[in-house]
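What follows is one structure encoded as structure tokens, with my remarks underneath.
The values are calculated or read from the model by the stated rules, or taken from the named source; none is laboratory data. Given the structure is predicted, the values throughout are model-derived calculations rather than measurements. Reconstructed Cβ throughout: ideal geometry from the backbone, glycine too, with neighbour counts over all protein chains shown. All accessible areas refer to the heavy atoms of the entire protein, side chains included, with ligands and DNA or RNA removed. Shrake-Rupley method; radii C 1.70, N 1.55, O 1.52, S 1.80 Å.
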Amino acid sequence: MSTTNGQWYPPEWPERIRLLSAGELTPVTPRRAATVLLLRDGPDGPDGPDGPDGPDGTDGTDGQDTPQDVRNARNARGGAGEHSPDGLDAAERLDTVPEPSAAPEGPETPPEGPRNTAGGADGLAVYMLRRRASMAFAGGAYAYPGGSVDPRDERMVTWAGPSRAQWARRLGLDPSEATQAQAIVCAAVRETFEEAGVLLAGPTPHTVVADTTGDDWEADRVALVARDLSFAEFLDRRGLVLRSDLLGCWARWITPEFEPRRYDTWFFVAALPRGQRTRNASTEADRTVWIRPGDAADGYDRGELLMMPPTIATLRQLAAHGAVADALAAAADRDLTPVLAQARVENGELVLSWPGHDEFTKHIPGATGGPSA
């Protein structure tokens, strides 16, 4: 279904909403999931800028892409941007320039932990990936690294930061669900490593690994993706401590009841650790980019960047913060009441809305059947 902005709105939704309203569709139980908004202070931060990832999965370290290079890559992938006057989408307007060499491989990390907490002239930037158009769920949409909880994420790991019980309270779970809270936090850290090559763990409770680009790290990452290796086994084998204190929980969204693929997703924020670098390690994404939240939101508003409601909502919220430290501090007070779409019949129209987010409201004419929450 067409839209004047970049809101992801599958054409099959109206019919599914009508079926749900008529009691002919049984909602599936959502799977718990976690996603992470990786942050750094400015696209041109102290450790050098990242541009859109190249076709080889790197961050453009082999040289600078020309505008024609970007157009050719976009056309070959069928990406966003056809509404843009200059042929570039909002993400592609960021310069693609070389990034400095990664730190020497090994666990040594400066004691400060995460980097870029002082703020930058250009404000903070967030790491985003574009899901391949062939993906069954939200194909072509920009999103953040993340995925479903693996049942094995409940296995005990060496842990730093707030206790599991404290995390349960923060995530809105019952105090008895401390193990489930750990699984959600582990999923956030694991999925970030699987999809972006960034690991929020270190050899001690006060350090973070400095580099995860070696062949041995890649072998472990691939084994995690294939589920041949559990995250607990991975951390134990390497003698690593999961740094839950580097995460802040930002929001919680639940996929609408009429969607066949449903997720109960917690959105976390975290600073990119010093020495580590992002890369497109996900088979589900065809490009990645560091971008200012405001720039990404502008691209969405112009219809250039396709996004699901939780993605654009969190971008607009992040845009109010000028530095990573500000966003991390704000996470502690964020309201984690789950956001779940509601559908109702009103004056012969079916109205689809997300409580607290009026911009996503849709009016669908010719609705039949009764209301459904």
When the solvent-accessible surface of protein heavy atoms is calculated with a 1.4 angstrom probe, in what order do 255, 213 fall, highest first?
-> 213, 255
Could you rank 288, 29 by how accessible they are, 1.4 Å probe, largest area first?
-> 29, 288
Using label points projected 7 Å from each Cα along Cα→Cβ, tell me how many nm separate residue 227 and residue 336, to one decimal.
-> 2.6 nm
May I ask you to order 193-204, 149-160 by the average number of other C-beta atoms within 10 Å around their residues, highest value first?
-> 193-204, 149-160
For the peptides 308-317, 343-352, what is the packing order when you average, over each peptide's residues, the other Cβ atoms within 10 Å and list the highest mean first?
-> 308-317, 343-352
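Ranked highest first by the average count of other Cβ atoms within 10 Å around their residues, in what order do 12-18, 238-244, 124-130 fall?
124-130, 238-244, 12-18
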